[in-house]
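FYI, it's all coordinate maths here, none of it is from the lab. Computed from a predicted structure; not experimentally measured. As a convention, Cβ positions derive from the backbone with ideal geometry for all residues, glycine included, and neighbour counts pool all protein chains shown.
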Amino acid sequence: VQYRRLGRTELQVSALGLGSGGRSRLGQTDGSGQAEIDAIVERALALGVNVIDTAPAYARSEELLGGALAGVDRGSYVLCTKFNPVVDEVVQPIGALRASLETSLSRLRADQVDVLYLHGVHPDWLDAVTERFLPELEQARSDGLVKFIGITESFQYDYEHQTLRKAIPLGAFDVVMVGHNLLSPSPADHVFPMAADGDVGVVIMCAVRGVLLDPERVRAVVREWKDEGLLPTASVPDEDPLGSVLQQYANDVTSAAYRFAADHSAVGTVLTGTGNVGHLEKNAAAIAEGPLPHDIVEKLYQVFGPVSRSAAY
Ligand SMILES: NC(=O)c1ccc[n+]([C@@H]2O[C@H](COP(=O)([O-])OP(=O)(O)OC[C@H]3O[C@@H](n4cnc5c(N)ncnc54)[C@H](OP(=O)(O)O)[C@@H]3O)[C@@H](O)[C@H]2O)c1
């Protein structure tokens, strides 16, 4: 696995990181428990994957990761969790971040996390959330409970990346997590240049999600975007929209998708939200192959870059 600098954090992160949310939640969705999660974490670390991403919202992920990482040298991996600042359309009260962080640390059996993100902040809430919780984040940092401060967007709704476009210039966030995939590559226009300017670390989520696992869902998304006038009718064929662009790489869309997501100089790590050891190994091998051919990458940006929607299904 290749390592990259995560912006001004100066952390050296593996180009592939292990996510514990999304559909899979480390396989918990399909019944995985401690033994299976021990196995996936052990394999990830053996492959050189050194980023572990979690959140209180990801079922029992924090607690299970705490078990799997017990006894592993804490300096050998980068541990990231989150705080959900808005619940049921209400900004959480002062003190909620600290309480959530302390619970996370206890579940993770850790004294400190490398990154604590504000989780899934919708653009409408950004001002209220930063006003209330940036001071708490800074306090947690000065108390040694977190090393770096981050924010993640709500990719599905915020397809123009308004949250991160407003948050990065604030200068407070060391790391941002953005949705980016070969059907929704607009961060290359809206987020990566800004992050590079501010030397902010970039973590990619939703490189595959559900949609890229299923050709019928890809067809449905493309049909919908054409019906809405977001995608020119002649841009890609209805029957096999990705085949015409990815060519031989369309035989293995997941591998192509992780390679595409990692292929930007601003990107530190691409999370893979898997609970399957075989998938993890395959995704690590895919990223190690490096970028897709230049003409294919160009075509993906040309066709899907202008679409103002997120393939986050
Ligand atoms: N707003 C936020 O903060 C936010 C939102 C979304 C995600 N995230 C973070 O980002 C991480 C990644 O996002 P994501 O979970 O949506 O992940 P993803 O990596 O885009 O997609 C994961 C899905 O793809 C499957 N998969 C992975 N590799 C595969 C392969 N080689 N072949 C077939 N299927 C494969 C997984 O199932 P298997 O388990 O079967 O492999 C899972 O269903 C999350 O886990 C979470 O940590 C953060």
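Miscellaneous remarks
- Cα gyration tensor category, rounded, prolate or oblate, for the range 1-108 with a/c compared to 1.5: oblate
- Theoretical ellipticity at 222 nm over the chain - DSSP helices of four or more residues, -39500 (n - 2.57) apiece, nearest 500: -11500 deg cm²/dmol
- Exposure proxy shown here: for 91, 297, the number of other Cβ atoms within 10 Å sets the order, fewest to most, as 91, 297.
- Take every Cα pair under 8 Å whose residues are at least 6 apart in sequence, average their separation, divide by the length of the chain, and the relative contact order is 23 percent.
- From largest to smallest, the equivalent ellipsoid semi-axes obtained for the range 94-252 from the alpha-carbon gyration tensor read 36, 17, 14 Å.
- Degrees separating the helix 126-142 axis from the principal Cα axis of the chain, which is the longest one: 50
- Estimated vicinal HN-Hα couplings, Hz - the range 200-214 in sequence order (Karplus 6.51, -1.76, 1.60; Gly, Pro = x): 8, x, 10, 10, 9, 10, 6, 5, 10, 6, x, 4, 7, 7, 9
- Amide H contacts for residue 148 (H built 1.01 Å from N in the peptide plane; partners 5 or more residues away or on another chain; cut-off under 5 Å): 115, 116.
- In the range 176-313 the Cα-Cα distances spread across 10 Å bins starting at 0 as 12, 45, 34, 9, 0 percent of all pairs.
- For residue 51, nonlocal amide neighbours, meaning residues 5 or more places apart or on other chains whose placed amide H falls under 5 Å from its own, are 14, 18, 78.
- Long-range Cα-Cα pairs in the chain (distance over 28 Å), rounded percent: 36
- Length added when fully stretched, residue 189-residue 230, from 0.36 nm per residue minus Cα-Cα: 13.1 nm
- The label-point distance for residue 220 and residue 103, in a model that sets each label 7 Å from Cα toward Cβ, rounds to 3.3 nm.
- Sequence of 190, 161, 294 once ranked by neighbouring C-beta atoms within 10 Å, starting from the fewest: 294, 190, 161
- Annotation: extensible slack from residue 166 through residue 294 equals 43.0 nm (criterion: 0.36 nm per residue apart, minus Cα-Cα distance).
- For the range 171-225 versus the range 100-141, the spacing of their alpha-carbon centroids is 22 Å.
- Helix axis angle, 34-47 relative to the chain longest principal axis, alpha carbon, degrees: 70
- Helix 277-288 vs. the chain, principal-axis angle (Cα, 0 to 90°, nearest 10): 70
- Kirkwood-type radius of the range 71-174, with distances r between different C-alpha atoms, in Å: 14.1
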